[in-house]
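A.B. asks: Sharing a structure here in structure tokens format.
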Amino acid sequence: MTNGLSLAEKLRSGPPVITAWSVLSSPIVSEMLARAGYPAITIDLQHGMHDFDEARETLSAIALGGAHRIVRLPLYDNALGARLLDMGAECVIAPMINTAGEAESFARSVKYPPAGDRSYGPFRAAALSGQSDGDYLRNANSQVVSLAMIESREAVDALDEILAVPELDGIFVGPSDLSISLSNGAAVDPNSAETAEVCKMIAEKAVGAGKIPGIFCLGADKVREMAGYGYKLITHGIDVALLDGAARAALADVGDLPG
């Protein structure tokens, strides 16, 4: 917890939470992003460079930096989600959830009975959250956030059924993959008008169902647009892009030297 509130409490009330996105398997980079003021950092184990050991250390580094800890899983690896919760993750995002059955299987894997099937062993998680083992057990089902990624036409068609899964806390839109699916593979255009309209509809349905809506954004203008639609967890800033941009800007500031 940071500032006395869990990530779940912040996502269920109050302004949107901005998360940086970590693809670099360097714990200190994520710690620096946390210290720079990002309220949350998401570790990407689907397309990023992290493995379990690196993610474990990065979760600790994020906590040291004072930010909330989120992980995106590889495809179809619910068991890893439960393991990373034991290491201190507060929110788990599962990619490519296309049916209510997939959403239920994922959501139940990160909740303790009777809401799910998670096995007990959260010793590191309890320490990072500042709770006793017993308090963690009592609070985990309300404090751990499960988000199913909506990234395909199939998922959009099944959205009402996915949102009706009682164990699921919310959804997270991947607009790049969604744009590919909506265009039948013709283009990657996460900022297209069609994608934006579908994203607006998804947010409205999620809020109406009492679920937490999240989304990946590319650009500050898109962050503001999606916040206006009601999204509560919004990605803005990928570590590798931030580093690349800062390096290029630093060199450009020097310009051409004499001689």
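The values are calculated or read from the model by the stated rules, or taken from the named source; none is laboratory data. From a predicted model like this one, the values you see are computed outputs, not experimental measurements. Using ideal geometry, Cβ is built from the backbone for each residue, glycine included, and neighbour counts are taken over all protein chains shown.
A.B. asks: Does residue 108 meet the test of being closer than 29 Å to residue 202 by Cα, touching a Gly at 6+ places or on another chain (Cβ under 8 Å) and modelled with pLDDT of 95 or more?
C.D. replies: Taking the combined requirement at face value, the residue satisfies it.
A.B. asks: Same structure, new question: Of all residues in segment 65-122 being buried (at least 24 other Cβ atoms within 10 Å of the Cβ) and out of contact with any helix residue (DSSP H, G or I) (no Cβ under 8 Å at 6 or more places or on another chain), which is farthest from residue 52 (Cα to Cα)?
C.D. replies: Result: 107.
A.B. asks: Quick test for you: out of 135, 157, 169, 189, pick the one residue that is within 25 Å of residue 4 (Cα to Cα) and over 20 Å from the mean Cα position of the chain (by Cα). First the steps, then the outcome.
C.D. replies: Numbers: 157 fails: within 25 Å of residue 4 (Cα to Cα); 169 fails: over 20 Å from the mean Cα position of the chain (by Cα); 189 fails: within 25 Å of residue 4 (Cα to Cα).
Result: 135 is the single residue among 135, 157, 169, 189 that is within 25 Å of residue 4 (Cα to Cα) and over 20 Å from the mean Cα position of the chain (by Cα).
A.B. asks: Continuing with this model, one more query. Can you pull out every residue in segment 194-225 that is within 16 Å of residue 20 (Cβ to Cβ), under 15 Å from the mean Cα position of the chain (by Cα) and crowded, with 17+ Cβ neighbours inside 10 Å?
C.D. replies: Listed by number, the residues that qualify are 214, 215, 216, 217, 223.
A.B. asks: Here's another thing I want to ask about it. Pairs under 7 Å by beta carbon, first residue under 14 Å from residue 95 (Cβ atoms) and free of Cβ contacts under 8 Å to residues at least 40 places away in the same chain in segment 155-182, partner of a type in the set (A, V, I, L, M) and part of a helix (DSSP H, G or I), six or more apart or different chains?
C.D. replies: That search, which allows pairs on different chains as well, returns 178/198.
A.B. asks: Can you name the number of the only condition in (1) modelled with pLDDT of 95 or more; (2) in contact with a Gly (Cβ under 8 Å, 6 or more places away or on another chain) that residue 191 fails?
C.D. replies: Unmet for residue 191, out of (1) modelled with pLDDT of 95 or more; (2) in contact with a Gly (Cβ under 8 Å, 6 or more places away or on another chain): (1).
A.B. asks: I'd like to check which helices (runs of 4 or more DSSP H) are fully inside segment 54-157 and have at least 2 residues that are in contact with a Ser or Thr (Cβ under 6 Å, 6 or more places away or on another chain).
C.D. replies: Working: elements: 78-86, 100-109, 123-128, 133-143, 153-157.
It comes to 78-86.
A.B. asks: Next up: Considering only residues that are within 12 Å of the chain's Cα centre (by Cα) and in a loop (DSSP other than H, G, I, E, B), look in segment 40-51 and name the one that is surrounded by the most Cβ atoms within 10 Å (Cβ to Cβ).
C.D. replies: The residue in question is 45.
A.B. asks: Which one of 162, 171 is β-branched (Val, Ile, Thr) and within 19 Å of residue 218 (Cβ to Cβ)?
C.D. replies: 171
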